[in-house]
Each structure stands twice: as C-alpha cells, then as structure tokens.
1. Whole number please: convex hull volume per residue of the Cα set in the protein assembly as shown, in Å³?
2. For n ≥ 4 DSSP H runs only, could you compute -39500 (n - 2.57) per run for chain B, divide by its residues and tell me the 222 nm figure to the nearest 500?
3. Starting from the amide H of B:Lys82, placed 1.01 Å from N in the peptide plane, find each other amide H under 5 Å away whose residue is 5 or more places distant or on another chain.
4. Sorting B:Thr168, A:Thr236 on the 10 Å Cβ count, fewest up front, what's the list?
5. Would you calculate the volume per residue, in Å³, of the smallest convex hull containing every Cα atom of the stretch A:145-229?
6. What is the distance in Å between the Cα centroid of the stretch B:33-53 and that of the stretch B:451-480?
7. Express in whole angstrom the spacing between the alpha-carbon centres of the stretch A:1-35 and the stretch A:257-278.
8. Provide the per-residue ³J(HN,Hα) series for the stretch B:169-177, in order, calculated from phi with Karplus coefficients 6.51, -1.76, 1.60 and θ = phi - 60°, each as a whole number of Hz, with x at glycine and proline positions.
Amino acid sequence: MLTIIKERLLQLVIVLFFLSLFTFTLMKLAPGDPVFSILRADEVAATTADEEALRKELGLDQPIYIQYTKWMYSIMQFDFGSSLINGKPVWKDILERLPATLELAAGSLIVLLVISIPLGLLAAKYEGKWIDHISSILALLGASIPAFWLGLMLIYGFSYRLGWLPTMGMGSAAHLVLPSITLGFGLAAIYARMLRAGLLEVLVQDYIRAARARGVGEWRIMYKHALRAALIPVMTVFGTSAGSILAGSVIIETLFSWPGLGDMAIEAIFKRDYPVIQAYVMISGSMIVMVNLLIDLSYTWIDPRVRYVKERIT
Amino acid sequence: MNSSKHKAKILLFLGLILLITGCSTGGSDDSTIKNLKKLTMMYHLSVNTLDPHNSWAPLRAGAVETLVKLDNEMKPSPWLAKEWKLKDPQTWVFVLRDNVTFHDGLKMDAAAVKASLERSLKANHSLSRGLKIASMEAKGQELTIVTSEPNPALPSELINPYTSIISTAAEAKVGTLSFNDMPIGTGPFQIASFAPNREAKLVRYEGYWDTPAMFDEVSFQFNEDANVRMMALQSNEADIAYQLPAESIAALEHDDNLSVKSVTGLRVHYLIYNAKRPHMQDIRVRKALDLLVDRKTVVEGIMFGHAQPANGPFPKTLPFGNDGEVTAFNSAKALELLHEAGYQPNVEGKLEKNGVPMSIQLITYKTRPELTLIAQLFQSEAAKIGIQVEIKIVENVDAHLQENDQWDIATYSSLSAPRGDGGYFLNAAYQQGGALNPGNIEVNKLMPFLNQLNATEDPNTRMKLSKEAVSLIQKEVPHSYVIYPNILVGVNKRVHNWAPGAEEYYIITNKMDVK
C-alpha cells in the first residue's frame, strides 16, 4: 500500500507541473489581461498610456516563458504570490474560502449518500416495481434539471413560500441545506441508478445464491454482501465527480452567496488574475488527485480481494 | 456485523444532524435578543475587499466619507471638507470640519487627510490622472493641494469614492490585510465584520460628527442573482434589494409591504462606431444607422418602461444634460441616406456599394443582458432594409475592442458623469487614446471646447461648455445614444426617509430609518 501512495504522490507532482504549464500558457494566449481590471475598477476606465505603463510594471510585457519561470520559482518556495487585483496574498484568499468549499462538499456528500444508497437499494430490491420507476424518474430529473433552476425553486419553496430556510448566506447549518441539496441532488439521482445496476449484477452471482440457500435474509444479503461489491464501480465514478464537488459549483455559490473556491476562481478568470488562477488550479488539482488516491485505497476496505491482489503485486 | 451496524448508524446520524440543524431557525440572532433596530441591504455586486481605495462598498455602506459629495442636484457640495478655494491655478486650499473623528476615536485633521490621500494614490493606479496632485501641505484643519497642472475639476474628482478618508494610523496598528477587511473611516456606521462576497456587518458609530444614525445595525449583503435578491425581499429577509429585473417588478407592486423605486441613474447605454473602418467614416452611414435604433421599443419592450430614451451622453436630470429631441426610429430615412452614400439594393435585396454587400460586425457582451437584446433589435431592423449585421458576443469587451480592428459597432454602457461633471466622459470618449475611445473617434472642432473645459474652474461655465460640446458631438454622430436605464430598487415599506440616488454612492445614510 505504501508503494501505491508513493507512486501516486510522484504522479501528483508530474500532474501539477503539466497542469500549471498548460493553464499558464492558455491564460496568456487568451485575449485580455489583468491591466484592464486593475485600472478599470467600478466603471472608471484608464487611458492606453496608463495601461502600457502598468503592464510593464507588472512584468506582463515579458515573454511567457520568463513569466512562467518566475512564477514556478516562487511556487518552489511555497509562495503563491498576491492577487493582482486586490493585492491580497493568494494563500490567505484560499484559506478563507477553503472551509466554505469543504463545508458545501460535505453537505452535498451527505445528500448524495442519504438519497442514493437507500434509493439504489430499494430500486434493485424491487426491480420493475413502482419504487424502481420513481428512482428512474428521479435519475432523469437529476440529470436534466439545471442546478440554477433547482436552486431557485428550492429558494422559492423553502425560503419564500414556507419561510423555513434562509434564501442565501452562510453561518448556520440551516444555510447549508439548500446549497447542499442543489449540488447533491443531481449526482445522487445518477448514483442511485448506478448502484441499482451494480446491485442487480451482483445479486445473480453464485455467492449470493449460496447465501440465500443458507437462509440468510434478503436485506442482509443486500446490505452485507451485495452492496460492498456493487460500490466499487460507483466509487470509481465518484472519483470523477469529486472535482465538481470539491472545486464547488460557481452557479450554486453565486445563487446562495456561498463564498467558496469556485466563485473565487471564476472572478479571477474574468479579471485575468493569474496568481489566483494558478493557485486555484494547483490546489483543486491536488485535491482531486488526493481524493482519487483515497478512493483507490478504499477499494481494499470495500472488497478484501483487491487488498490481496495489491499485496501480491507489491 | 457489528461494524456494519455501526457504519449504518453513523450515516443515519449524519443525515439526521443535517435535517434537524438545517430546519432550525438558523441560530440565534443577537439583534432580535437585544431588540436592536437592524436593516438588511442586498446589493447586486459581489465585493471581495473593503479597501476603500479599491472598492466603493465601504462608502455605499456608510462606513467612510469623502471630502466632497454630490448633492441631490448632482452638484459638488461640502462633506468632510466644509469649504475650498482656488488660491492660484495650481493651488487649492480645503478647510476641513473640526468635529470629525474616525471610528477609532482619533481626530480627523489635515495631516490625517493628507496621509489618507497619499495612501489612496499609492493603492489605486487609476486615481493619479484625475487628481493630478503634485504635493500636499497639512496645517491644522487646512489642507493645501498643489496640482501638477491646472486642475479645475479637483473638487469634483474628490467625490470619487476611492478618495475616501480613512485612518492610516489605524492601518499601521493592525496591518493592511486586516485593515482592508475592517477599514476605519468617519461614516455613521463602522464595520463589525466582513465575509468576502457574502456580507459586511456594520454597527452605528456613536461618535459620528453629524446626526447619529437612526438604527443600530446594518447587514450589507452581496448576491449577484437578481431572482434571489427579489425573493429575499419578498420573504422579508432583505429590506432593500438593488437592481431588480425589470420584468419582475409587477410582482412586487402587488405586495402591500413593498414598494419599487425606479430612478434615472447616471448611466447611458450606447453604440460606438469604429472610426477606423472606412465605411463608418461616412457621416451619412452613421446617421442612417442612428435612425435604425428604435429607442421607443428598447424602453418599452426591453426595459419595461424603466428607462428613458437617450439623446446624448448625459441624462436630462443633470444640469448639463441635453434637452434636445430624441432621434426617432425612421428606416425609410435611413435607407434614403444610405442611397445617398452609394449603397443600392442588389438582386437579393441586400444593400451593396461597388459590388460589396453592406455587412456590419456588432460587438456586444453579456454583463448587461439588455445590451445583447438591443443588439438583436438593431440587427432585426437593419435586416429589413438589407443590411447584414453579424452579432459577436465577447467576454471582455474592453480587451476585444482594443485588440481587434475588424468590428464596426459595439454596444457599450458607461457612467457618463460619475462625479456629476461632464469632463470625464468627454475627455475619455472623444480624445485620441482616451479610455473610452476604442474606435479612435475624432470630432472636428471639439478640441478647443475640451481644452477650455479642462482649464475652467467655475461650475456654471463648465456646464455650459459641456452642453456646447455635446451639441457639437451630436452633429457628427460618433455614437448612438440609446437609453438611460433606471436604477430599480425594491424597498420594504418599513424603511423610511430613503430613496436611491442617481449616483449610487450614498446608499446607507444617517438619515434613513427602519420601523
């Protein structure tokens, strides 16, 4: 297992290097630069002479490879630099927003688990029955309803009509409910269907028939024997969804005034705030790689056969 | 078995926590417990810093103030400075109020103001060209400012929120980073906490130099989604919600607890013609295109009546606003002008000149959704007389217009008189290399007017010169001014003595109250 962890950490460094190189080049090739945003704050614009002078001052007139090398040199010393727009150290901005992102990720994960596991189990147990059809309809809705519309409908129902939950903001657990449902629902419905498909495949396996022959109860078979095996493909796909959950959804953050990393990144992209964009890419890239590593390690817990194979390889 | 049960219990427990805590009232609210008077304001822009020299939010929230302010008639009037005079063409003397203290209790004197202005010049790159400050001298409550060249517009430039007066001594104590989250100013409210892009909480400053604020707390919240702002207002979570969607106003008007304030702001939506393109250099073509702008439909159909048709860069509410006729939509006359300019219909009914069809690239952007709709309306009217208009939506309009030459027209929106003075827009939009002149517009005979305006201190003469400059500009049609959009604000009727100002600077004031 240690070898796997070491390999993945080495991969992380390589992934981050290429990721940073790719984003840096792409951002520089895109039209516009931060000078427009710095000088044109709140409507009052600057002259072209002012823009040229500031571009020189910030070193944005230098060739891309020099700018990249300088940035990389700072990163090697764990210095993410400061925002070109507000002068704030980038690490401070990220540390301020990371808890909000993690809180929203945790909330949506709970929604995902609370909806998808029971719904997947029930849909598999009662294949072709009404609960299965409901699960299908929910999956279809989850995949097709845009997050902003769902968020607005939830605000309309639970905040405006019923007055149970706040429309937006952050602070209490009540504030977390609507954004978590908005982010988690779409994924939950899809995962419920994936889990159902996995369970149906596992339920016809010999060891399940053997368990039934031994008189083990149907629910116990589902939960104890089938669920674990059916979770492996679900977990694999979850690794790909981790990015959207961890990096936050900009629409959800805008809708609910949730000050997470996604909101920060979009603002930085619009204003071409290069140090913030680069730091965001590095942080979210690292988080996604780490989540996938954890998922790989979790296979050994979910299915002991995986552990056996890994140990034999090592 | 036991382990599985344990896991299931953990999952169930987590779900229950979310449900139970989620459906609670959202935590205790101190203001309810102490029965404090509180106002919740919902603003449409997100704010990630409260540095008064890089954000207008502290001024809007009533935390900081400037030396000069715009009065209701959009004229510069005393605020922290009680009077000022021009000693010689480059020397201004400002006399400051004697009874003003910062939120940390320190007295606001000329030395503190000098330090604050020096900080603003250092912190904000865009300020120096407007202020043109060469040196400052502080003596008691008297601040002498020497400018690098005659700057008659200095008092109006000091209306700029980026010149807000803050305590640099307080900044030195806590450090710039902390200070930018909780700046110390002189306003009726002081900042208690700040969560970037979410909320600034303010409490009444008891030592305020003017009449103290009428209520205890302000929650200044930021949300960029207009529908959410509206629902927050309807559910009584917000007392004031800025920039509501025009199409939703009818719903608010039926609510007995709410009212809608629709006021003409200082903004103008317009079309910029690219003077670098040969066909746009023909005044007959520009006049024809101007006649294809259906301002009436824009006002009624796109803005739902919450706008005024425009006939110049400055709205009539300004003392130097143009009171002439608005150009009426007239496609027949437009076609006539284009025929005069040599454009004739080809076999397909498209206009062409020397065998080249008339094709126009129109640049627009999504930040202001109505601009895209204006572009589509223009495209549709132009198509009816045989002009092909290709609409291109860009992300960063300023960058696109500067870095490309192939565009013909661009939709644009500007605060044309951000400090109640026409000088800024006239210089920026009509001078070569000006900040708002990506089309390289040059209007004949305008420069002598601008030079005279830039050297004139007397406000009445400045207004007269601004008006004359505008009528000269209108003859050349370098722009087509479309509308002056209204500022739409939803207000709970428990808010008293308050109306949104056209300038959008002074939102939270010491005069407003909540019942």
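1. Value for the protein assembly as shown: 206 Å³ per residue.
2. It lands at -8500 deg cm²/dmol.
3. Here B:Val95, B:Leu96, B:Arg97 satisfy the definition.
4. Values: B:Thr168 20, A:Thr236 14.
Listing B:Thr168, A:Thr236 from fewest to most nearby Cβ atoms yields A:Thr236, B:Thr168.
5. For the stretch A:145-229, the hull spanned by Cα atoms encloses 123 Å³ per residue.
6. 38 Å
7. 17 Å
8. Couplings: 5, 5, 5, 4, 6, 9, x, 4, 4 Hz.
Throughout, read-outs are computed from the coordinates displayed, never taken from laboratory work. All values derive from a computational prediction rather than experimental measurement. Note that each Cβ is placed from the backbone with ideal geometry, even for glycine, and that neighbours are counted across all protein chains shown.
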